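Down below is the structure, laid out as structure tokens.
The values are calculated or read from the model by the stated rules, or taken from the named source; none is laboratory data. These figures come from a predicted structure and were not determined experimentally. Here Cβ is always computed from backbone atoms with ideal geometry, including for glycine, and neighbour counts include all displayed protein chains. Heavy atoms of the whole protein, side chains included, go into the accessibility calculation; ligands, DNA and RNA do not. Shrake-Rupley method; radii C 1.70, N 1.55, O 1.52, S 1.80 Å.
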Amino acid sequence: MIKREPNMIADNKLDVEGDRFSTVEIPETAHQISSDSWFQAGVVLTSGVNSVFVLGYSGTIMVHLGWIGGVVGLVLATAISLYANMLVAKLHEFRGKRHIRYRDLAAEIYGRKAYYLTWALQYVNLFMINIGFLILGASSLKACYVLFVEEVTMKLPYFTAIAGFVCILFAISTPNLSSLRVWLACSTILSLIYIVVASVLAAKDGMNAPPRDYSIHGTTAGKIFSIIGASSNLMFAFNTGMVPEIQATLRQPAVENMLKALYFQFTIGVVPMYAIIFIGYWAYGASASTYLLSNVSGPVWVKAAANISAFLQSVIALHIFASPAYEYMDTKFKITGGAFELKSLTFRIVARGGYLVISSTVSALLPFLGDFESLTGALSTFPLTFILASHMYLVAKKSSLSSLQQSWLWLNVVFFSCMSIAATVAAIRLIVVDSKKYHVFADV
């Protein structure tokens with residue numbers, strides 16, 4: 001079933017282009033769409049980029065790239081990611097249809113086979129991101145526990161189970177992305193708490209510490225693989241892999257509103273992330289960990305507050321990145337009731353609970369955060385955000401593009417394809433190496 005909505009600008013039902021009333025087709029979905037402002041979408045995107053993952057980027061990016069490579073890489077990744085996401089956003093209403101899912105857009109441009117390939121890439125991407133949130137959520141709980149207990153008996157897998165259980169409760173009580181309104185404000189406050197605390201405590205440590213080691217360690221081959229992996233982490237840091245799904249929640253004009261949200265994300269939104277990455281690396285150098293709050297020293301209650309904030313924010317952020325999977329299941333089984341209607345509630349308990357139990361189990365089995373970031377960037381962020389975005393825009397707009405623009409888009413496709421292959425090899429190597437170091441259900 002396809003619905004139609006007026007292509008309204010502000011509150012007007014008249015499209016200013018040619019003074020003609022126009023309609024845009026909308027696919028059937030069980031979730032709420034066309035209801036949010038560009039600012040709410042911008043906050044969703046900013047919550048993603050400043051999620052609890054930022055506590056690890058000093059260790060997973062800067063340690064392997066150094067000052068010059070890290071700073072230049074972050075600036076380039078910001079610009080390239082904005083450009084690639086804008087390409088996808090501009091295709092949202094291609095051929096007069098509103099493409100509310102990434103796979104729908106790919107199918108419209110390439111055909112039905114691309115639907116399944118894109119579906120697989122996107123869900124691998126989001127599943128891996130959710131594993132990262134569960135690992136970080138568990139790490140923050142354990143870090144808080146260690147502050148108050150002298151004899152540590154609980155291992156990381158136990159905290160992973162607790163994190164998974166809390167995420168299940170939140171997923172059951174929050175039907176869709178649009179219902180996150182009040183939680184987005186909470187997410188912003190929580191992010192500010194752990195970013196400010198980690199930055200201030202790290203800066204204090206840095207001012208009192210002896211000269212740090214900023215060199216890149218390892219063998220030549222190890223350095224090469226680490227640099228490739230860190231480059232993959234750079235792309236992972238800025239991209240959600242779900243631009244159409246977030247854009248679907250926006251009121252008309254959806255394209256213009258999404259561009260505003262992206263400008264917000266890649267300007268104001270990245271400032272806190274830049275701050276904590278650079279301060280963390282400056283303070284600890286090559287010894288910066290993949291969870292910065294484990295490096296910092298300071299009052300126990302302050303560190304505890306930051307760790308709890310990081311845990312709670314990971315729960316909200318995971319829900320954002322799991323929402324395409326939830327939307328698919330709700331739409332497939334026609335679950336449209338209210339949040340606490342019996343049928344709807346029962347379905348969410350079973351479907352979302354099952355999804356998160358599987359995610360939590362994988363997180364506990366292989367808690368190697370940096371490796372999963374690298375693999376996610378290699379297998380899905382590069383293909384979805386850069387290769388597919390550039391090629392889709394090339395195919396969709398070919399007749400209106402100059403030869404120079406076409407050459408530029410082809411260059412992006414080729415370059416990021418090579419990067420994706422290299423990053424996949426590097427990430428698999430890292431996972432194999434770490435798997436030899438640690439056993440399954442490791443307490444890392």
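The orientation-averaged projection of the convex hull spanning the C-alpha atoms of the stretch 73-122 amounts to 3.9 square nanometres.
Could you tell me what % of all Cα pairs in the stretch 144-221 have separations over 17 Å?
Cα-Cα pairs of the stretch 144-221 separated by over 17 Å account for 74 percent.
Using per-residue counts of other Cβ atoms within 10 Å, averaged over each peptide, order 105-112, 242-249 from highest down.
On the way: 105-112: 17.9, 242-249: 26.2.
Ranking, from highest mean packing down: 242-249, 105-112.
Calculate, in whole percent, how much of the Cα-Cα pair population of the chain lies beyond 35 Å.
Details: 27381 of 98346 pairs.
Of all Cα-Cα distances in the chain, 28 percent exceed 35 Å.
Which number gives the lysine pairs in the stretch 36-435 that have C-alpha atoms under 28 Å apart and are eight or more places apart or on different chains? Lysine pairs meeting the criterion: 24.
Classify the stretch 190-283 as rounded, prolate or oblate from the Cα gyration tensor: take a ≥ b ≥ c as the square roots of its eigenvalues, call it rounded if a/c is under 1.5, otherwise prolate when a/b beats b/c and oblate if not.
oblate
Here the Kirkwood formula, the inverse mean of 1/r across different C-alpha pairs, assigns the stretch 83-208 a hydrodynamic radius of 18.5 Å. Distances over 19 Å make up what percent of all Cα-Cα pairs in the stretch 97-158? Pairs farther apart than 19 Å: 54 percent. Comparing VAL52, VAL300, VAL149 in a Gaussian network model of the chain, where Cα atoms under 10 Å apart are tied by springs, the biggest mean-square fluctuation is seen for VAL149.
Element breakdown for the chain at a 1.4 angstrom probe: carbon and sulfur atoms account for 69% of the accessible area.
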